[in-house]
Amino acid sequence: MAFQGSLRELPLADVIQVVAVSGKSGVFTVKNDRKEGYIYLQDGEIVHAQVEDLEGEDAIYELAIWSEGEFVFTPDTPSPKVTITRSITNLLMEAARRADEWRVLSKKIPSTHLVPIFKHRNSMTSVTLSPQEWIVVSRIDEQKTIDEISLALGVSSFEVCKVIYGLITSGLIELNDYVRTFNAYLNSLDTDALVELINSIYQKALEYVGQDEKHVKLITNVLKMSYSQIETGRGGIAGVEFLLEVNRLLDSIVGKRKATRFFNEVKAMVGA
């Protein structure tokens, strides 16, 4: 019999441990608002995991830092392959360590859906970067989100965030000033006012896409995801992510010039 729950109430590592102790076989399907992952157990041991392009241990550690989302365990589902041979005890200990580290990283990086940009620096200032930092910096184009950079590099968002945390601390990059302003403003609103503002942004976006049903549906799906995030208590960051996602969609639908105009209009709405 399958069972399910929320990651806000039951950390994934704890749930896996309960299932593992019973020696069960099956698959955990884990979903948040943007991603879906799978963890396969055989006789109480983890044998395979996958989330997007990540497999094996990297996928386990990526899923372990999720604090939002839902999980479902379906028993007696065979794994399509074996990518993990490490004991479940060692896996979960490492997952717990990374979850603790993520709590520190999230103080400067509240979401992996945000876009890192370069800070203005004196042209005479020299910068020394490690090989890992160079790899990440080379992918920063002030348009890709942290998740998109991770996908392009084929590594977990956690690993990219560790590098970006250091780059933010050293003053080389930042998450746009408007993000902080917008987030602070939205967090000052009660739920009704927050929903009203997001609806206003939604209506503004529809002015740009017109009557095309396909494009309207894309924007509406983002709105629905935003509502789900607000219900889970994510508040301001749900609005930030809604704006960023809609802006990316408009960029591909109506072009960069109109998308920038939309973005500036929304920033003016909140004084960012």
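Where a number appears in this text, it was derived from the coordinates with a stated rule and is not lab data. All values reported here derive from a predicted model rather than from experimental measurement. FYI the Cβ positions are ideal-geometry reconstructions off the backbone, even for glycines, and counts take in every protein chain you see.
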Extension reserve of the Asn187-Glu213 stretch, reckoned as 0.36 nm per residue once the Cα distance is removed: 6.1 nm
Helix-only CD estimate at 222 nm, as mean residue ellipticity for the chain, using -39500 (n - 2.57) per DSSP H run (n ≥ 4): -17000 deg cm²/dmol
Computed over segment 116-175, Cα set: Rg, Dmax in Å: 11.1, 34
Cα centroid separation - segment 214-230 against segment 149-190, whole Å: 23
Kirkwood Rh (inverse of mean 1/r, distinct Cα pairs), segment 168-217, angstrom: 13.4
DSSP-defined beta bridges in segment 3-105 - what % are antiparallel, rounded to 5: 100
Ratio Rg/Rh [Cα only; Rh per Kirkwood] for segment 178-270: 0.95
Segment 14-161, Rg to Rh (Cα coordinates; Rh as Kirkwood inverse mean 1/r): 1.05
Alpha carbon convex hull of segment 131-235, volume per residue in cubic angstrom: 140
At 0.890 mPa s and 25 °C, Stokes diffusion of segment 1-99 via Kirkwood alpha-carbon radius, µm² per second: 189
Efficiency of FRET between Tyr227 and Leu153 - r from beta-carbon atoms, R0 30 angstrom, step 0.05: 0.40
Cα pair distances exceeding 25 angstrom across the chain, given as percent: 52
Length added when fully stretched, Ser106-Ser22, from 0.36 nm per residue minus Cα-Cα: 26.9 nm
Extension reserve of the Glu94-Ala268 stretch, reckoned as 0.36 nm per residue once the Cα distance is removed: 58.2 nm
Principal-axis tilt of helix 191-209 within the chain, Cα atoms, nearest 10 degrees: 70
Nearest-0.05 FRET efficiency for Arg257 and Phe118, computed from C-beta distance (R0 25 Å): 0.65
